[in-house]
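Enquirer: Sharing a structure with you now.
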Amino acid sequence: MKTITGALRTRAGVIAATVLAVVLLLAVIGPLLAPYDPLKNSTEILQPPSAAHWFGTDYLGRDVLSRVLAGAPRSVFTAFEAVGIGLVIGVAPGITSVYLGRVYEWITLRVMDGLIALPFLIFAIAVAALLGNAVHQAMIAVGILLAPSFYRITRAAALNHANAQYVTASQLFGASMWWVLRTHVWSKILPTLVVATANATAGGLLIVSSLTFLGIGVVPPEPTWGGIVASDLSYLTQVPYGPVFPSLFIMATVGALNLLADAIRDTSGDYGRARILRRGASRVRLT
């Protein structure tokens, strides 16, 4: 918590948090703010932005702003869903692989290596074909493929503290492995995991947008940001600005998540402490 609080005190953290707060608000109440029915066709086909239609209309006369707002929940929350699945599958094995012996370590490493070797797009299409072309099924595939990155990051962070003196002292005093993990190791790797989660969420949003762009995980005419971009590409000669508006929402969200991850990383660990000491030294010199 202290790491996140410190990050939110920086300029980058404030900007990122503001953008993400707006995006989350739109993801919650966006459909309620839509001025028109996002699924209703009209005769106002491919209209430019105007007072009646701020983002213009698409090839079926649907209001683009309404579709962007209505597609916000599915685009944003599905990225969170995929990251959540990746966290569940990757974090626990990553931590316990350091402490549960070589056999368990070897098995988990081989499983994660196998997942890394899977071709992403082919795997997502196969899962969608097996379980049905719906967004939740597609997120299962995305979450499984995000798990190896969480596993490796968590394992690397846990290895840095596995042989620390305070861990060894706790074990000598009779502390169980689970107590050591909960009390010492987890608090040390949490900042790294938060940074990884923010970066993975940004990547997850791009993956979700890419899949919906290809028509995987969504059934038309349900709006998603990636699907809106795909539908507008066929009419670039008539409306060259068509993909701009949903793309800006994707870019702003991904940029804010990466900016927040950088802010958390810069205010945590040795780098953050060194930065604070440099600031303190500069203030002393100035006084």
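Enquirer: Might you report the magnitude of the Cβ-based charge dipole of the chain about its Cα centre, with Lys and Arg at +1 and Asp and Glu at -1, to the nearest 20 debye?
Expert: Its charge dipole is roughly 1480 debye.
Enquirer: Here's something else I'd like to know. Cα axis of helix 102-117 to longest principal axis of the chain: angle in degrees, 0 to 90, nearest 10?
Expert: 20
Enquirer: Would you mind calculating the gained length between Val103 and Asn163 on full extension (0.36 nm times residue separation, minus the Cα-Cα distance), in nm to one decimal?
Expert: In short, 19.7 nm is gained.
Enquirer: Oh, and also: By how many degrees, 0 to 90 and rounded to 10, does the Cα axis of helix 64-96 deviate from the longest principal axis of the chain?
Expert: With both axes taken from Cα atoms, the answer is about 20 degrees.
Enquirer: Give the relative contact order (percent, whole number) for the stretch 2-286; include only Cα pairs under 8 Å separated by 6+ residues.
Expert: That works out to 25 percent.
Enquirer: If Lys and Arg each add +1 and Asp and Glu each add -1, what is the summed charge of the other residues whose beta carbon sits under 13 Å from the beta carbon of Lys40?
Expert: Numbers: positive: Arg62, Arg67; negative: Asp37, Glu44, Asp58, Asp63.
Local net charge: -2.
Enquirer: Hey, another quick one. How do Lys188, Lys40 rank when sorted from fewest to most other Cβ atoms within 10 Å of their own Cβ?
Expert: Exposure proxy ranking, most exposed first: Lys40, Lys188.
Enquirer: Right, here's the next one. Towards the positive end of the charge dipole of the chain, with charges on Cβ (+1 Lys, Arg; -1 Asp, Glu), say which of Gly84, Trp225, Thr212 has the farthest Cα.
Expert: Gly84
Enquirer: Two-decimal Rg/Rh of the chain from alpha-carbon positions, Kirkwood Rh?
Expert: Over the Cα atoms of the chain, Rg/Rh equals 1.07.
Enquirer: Dipole of the chain (Lys/Arg Cβ +1, Asp/Glu Cβ -1, origin at the Cα centre): which of Val195, Pro240, Leu145 lies farthest to the positive side?
Expert: The listed residue farthest towards the positive side: Val195.
Enquirer: Over what distance in Å are the Cα centres of the stretch 76-111 and the stretch 1-71 separated?
Expert: Rounded to whole Å, the Cα centres lie 34 Å apart.
Enquirer: Amide H neighbours of Thr10 under 5 Å, at least 5 residues apart or on other chains, H built in the peptide plane: list them.
Expert: Under 5 Å from the amide H of Thr10: no residue qualifies.
Enquirer: By average Cβ neighbour count within 10 Å, what is the ranking of 128-140, 83-95 from highest down?
Expert: Final packing ranking: 83-95, 128-140.
Enquirer: Looking only at Asn160, Asn199, Asn258, which one moves most when the chain is put into a Gaussian network model with springs between Cα atoms under 10 Å?
Expert: Per the Cα network of the chain with a 10 Å cutoff, Asn160 tops the list.
Enquirer: Net charge near Val91, counting Lys/Arg +1 and Asp/Glu -1 over other residues with Cβ under 15 Å of its Cβ?
Expert: That sum, taken over residues with Cβ under 15 Å, equals +4.
Enquirer: Round to the nearest 10 and give me the degree value, 0 to 90, for the angle of helix 244-266's Cα axis relative to the longest principal axis of the chain.
Expert: 10
We did not get these values from a lab; they are worked out from the coordinates using the rules stated. Because the structure is a prediction, the values reported are computed rather than measured. When we count neighbours, we look across all protein chains shown, and the Cβ atoms used for this are built from the backbone with ideal geometry, even at glycine.
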